[in-house]
Amino acid sequence: MSLQKTIRMAALVLAFSSFTALPSHAAESKDMIQLQQQVQDLQNAIAKLQQSNDERMGVLKDLVQQTADSVNKMSIVVNGFQLRMQNVQDATTTKNDQLSGQVQSLNDSLDELKARMGRMEKSLNDIQSQQASTNAILNNLPGNSTTPAAGQPLPAPGPTSSNSNSPGSGLASRQAATQGIPVGDLYKSAYADYMTGKYPLAASEFNNLITAYPDDNLAGNAYFYLGEIDMKGQKLTSAVKDYDQVLERYPDNAKIPSAHLHKGEALIAMKNPDAGSRELHTLIQRFPNSPEAAQARTKLTALPTHK
């Protein structure tokens, strides 16, 4: 009987223990289900976040590509504008150079016209002097009331105090002949040799003009072309001195703007851009509307300090 009781008691204990353990297992299963649900929700949220990031990344890539395309298009447009500006600047420079050459040719023509007028005036004075001399000879003839027969030469005048056979009279007459050449003739000859490229001969003739007529306005032209000849020979220091002669001694000379411009170019070529820049600014300030001032502005923009 006791064995059966024991078995019965063990069965009751087992049943009781099974009954008490069942709720605990059920609670654990519920927690597990909740945990799994939370994990699933977390995975879904991560998946949505990943999808959202992918979508945003795609939009961002599109924006970057559009921006790059816009930058490329803008770069093409800017390059086109730069090319147009460069073409316009080159055309303007060429036009200014041509205009400056035309103005210089006009000034030279004006100088030549002045020289021609000077020669005409000199010829008129010579004719008047010859007429006066003829009249004097006629008045001094013996028997002034009678005239020589037709075809008979007039008697030669007697010797005067300025005898050509006197000592030194030959040298004096040659010097007088040299000094007596009109300034317009000297300038025309020198300028013609300059234009045909005979620079040493032209320089000598310009120097002769300056020596004979230092105060004449054409002497300022002579100094200017001496500067041009020195520039062509790369004698930059001498060229600057020649241009300074024009600027300092002949303030009314038509070559003043060109002298400023070419002096500035010579100083820049001598690796003295500051002095050259000052000279170009002086030109612009004194003659703002001249073709030379337009060239000076172009040259100033080309200097490294003005870029």
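Suppose each label sits 7 Å from its Cα in the direction of the beta carbon; what would the Asn44-Glu112 distance come out to in nanometres?
10.2 nm
So, by mean Cβ neighbours within 10 angstrom, what's the order for 192-202, 240-250 with the highest one leading? Walk me through the numbers on the way to the answer.
Working: 192-202: 14.7, 240-250: 19.6.
Output ranking for 192-202, 240-250: 240-250, 192-202.
Could you give the size of the charge dipole of the range 38-81 about its Cα centre, using +1 on the Cβ of each K and R and -1 on the Cβ of each D and E, expressed in debye and rounded to the nearest 20?
On the way: 4 positive and 5 negative charges, 27 e Å.
For this selection, approximately 120 debye.
Do any of Lys95/Lys263; Lys241/Lys299; Lys73/Lys95; Lys232/Lys299 go past 28 Å between their Cα atoms, and which? Please report the intermediate quantities before stating the final value.
On the way: Lys95/Lys263 21 Å; Lys241/Lys299 21 Å; Lys73/Lys95 33 Å; Lys232/Lys299 19 Å.
Flagged as over cut-off: Lys73/Lys95.
Students often check this: by mean Cβ neighbours within 10 Å, which of 295-304, 63-72 ranks highest, and how do the rest follow?
Values: 295-304: 16.1, 63-72: 10.0.
Result, highest mean first: 295-304, 63-72.
Which residues among the range 65-81 fall inside the zone where the amide N is under 17 Å from a point 7 Å beyond the Cα of Asn87, along Cα→Cβ?
So the set is 76-81.
For Val64 paired with Ala192, estimate the spin-label separation in nm (one decimal), with each label point 7 Å from Cα along the Cα-to-Cβ line.
7.9 nm
For Cα pairs less than 8 Å apart in space and 6+ apart in sequence, what is the mean separation divided by the residue count of the range 203-307, i.e. the relative contact order in percent?
Result for the range 203-307 is 18 percent.
The numbers here are math on the coordinates, done by the rules we state, and not lab data. For clarity, every value in this text was computed on a predicted model and none was experimentally measured. Glycine gets a Cβ as well: all are built from the backbone with ideal geometry, and neighbour counts include every protein chain shown.
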